[in-house]
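For reference, the structure discussed in these notes is given below.
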């Protein structure tokens, strides 16, 4: 089920359909953000307590199943509505690029996690995402983190492609590869 307007994101599923465009209004909820042509969705992993409610909980790929862990809501960022922060429907936490040992989420391979929205004074950076372009350049369907200017990427597993439940979601240089085709 989709609430709100659907006008500017490529490939988001809503009740099983694919849109040619996506979030443009105050808050648009989609059933899933999926890795195109895989049957896998962005999923907030249940932690040791059985829920995805802790800061740092993992975001992973999992078979699309319509669960709350796979529900995401887009919220345009008021200073620049072309950017959005994305909350997980199960936890209310933001999709967040983890700050690494170097003090920023700017390195390929840095993980994507759940984190309290706006905490740590970095809200305008590691929790802001754009669709379909990286650093102003047009790209196919995909997501870019505004802090790192790196794309959301499904890490290739032992089979050489993202295919297993639990496969890691990370930041990576934009390659336009199939493992970056989120929608």
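In the stretch 87-108, the condition of being in contact with a helix residue (DSSP H, G or I) (Cβ under 6 Å, 6 or more places away or on another chain) and either at pLDDT 85 or above or crowded, with 17+ Cβ neighbours inside 10 Å (or both) is met by at least one residue. Here residue 116 passes the criteria (1) at pLDDT 85 or above; (2) closer than 22 Å to residue 40 by Cβ; (3) surrounded by fewer than 21 Cβ atoms within 10 Å (Cβ to Cβ) except the one numbered (2).
Would you point out the residue of the stretch 73-91, among those that are touching a strand residue (DSSP E or B) at 6+ places or on another chain (Cβ under 7 Å) and part of a loop (DSSP other than H, G, I, E, B), that is farthest from residue 45 (Cα to Cα)? Ranking the candidates gives 89 first. Considering every residue within the stretch 24-31, establish whether at least one is at pLDDT 70 or above, assigned to a loop (DSSP other than H, G, I, E, B) and under 16 Å from the mean Cα position of the chain (by Cα). Within the stretch 24-31, none of the residues are at pLDDT 70 or above, assigned to a loop (DSSP other than H, G, I, E, B) and under 16 Å from the mean Cα position of the chain (by Cα). Out of 60, 54, one residue alone is out of contact with any helix residue (DSSP H, G or I) (no Cβ under 8 Å at 6 or more places or on another chain), part of a loop (DSSP other than H, G, I, E, B) and modelled with pLDDT of 50 or more. It is 54. Each residue in the stretch 102-117 was checked for being touching a strand residue (DSSP E or B) at 6+ places or on another chain (Cβ under 9 Å), farther than 16 Å from residue 172 by Cβ and in a loop (DSSP other than H, G, I, E, B), and 2 of them qualify.
Taken as a whole, the stretch 134-149 holds at least one residue that is at pLDDT 80 or above, surrounded by fewer than 24 Cβ atoms within 10 Å (Cβ to Cβ) and assigned to a loop (DSSP other than H, G, I, E, B). When the stretch 92-101 is filtered for residues that are in a loop (DSSP other than H, G, I, E, B) and without any contact (Cβ under 8 Å) to a residue 40 or more places away in the chain, the ones remaining, listed by number, are 92, 99, 100, 101. Residue pairs whose Cβ atoms lie under 8 Å apart, sitting 6 or more positions apart in sequence or on different chains, and linking a residue in the stretch 62-91 that is without any contact (Cβ under 8 Å) to a residue 60 or more places away in the chain and on the phi > 0 side of the Ramachandran plot to a partner that is buried (at least 21 other Cβ atoms within 10 Å of the Cβ) and assigned to a loop (DSSP other than H, G, I, E, B), are 66/31.
The values are calculated or read from the model by the stated rules, or taken from the named source; none is laboratory data. Quantities reported herein were computed from a predicted structural model and do not represent experimental measurements. Ideal geometry is used to build each Cβ from the backbone, glycine not excepted, and the neighbour counts take in all protein chains shown.
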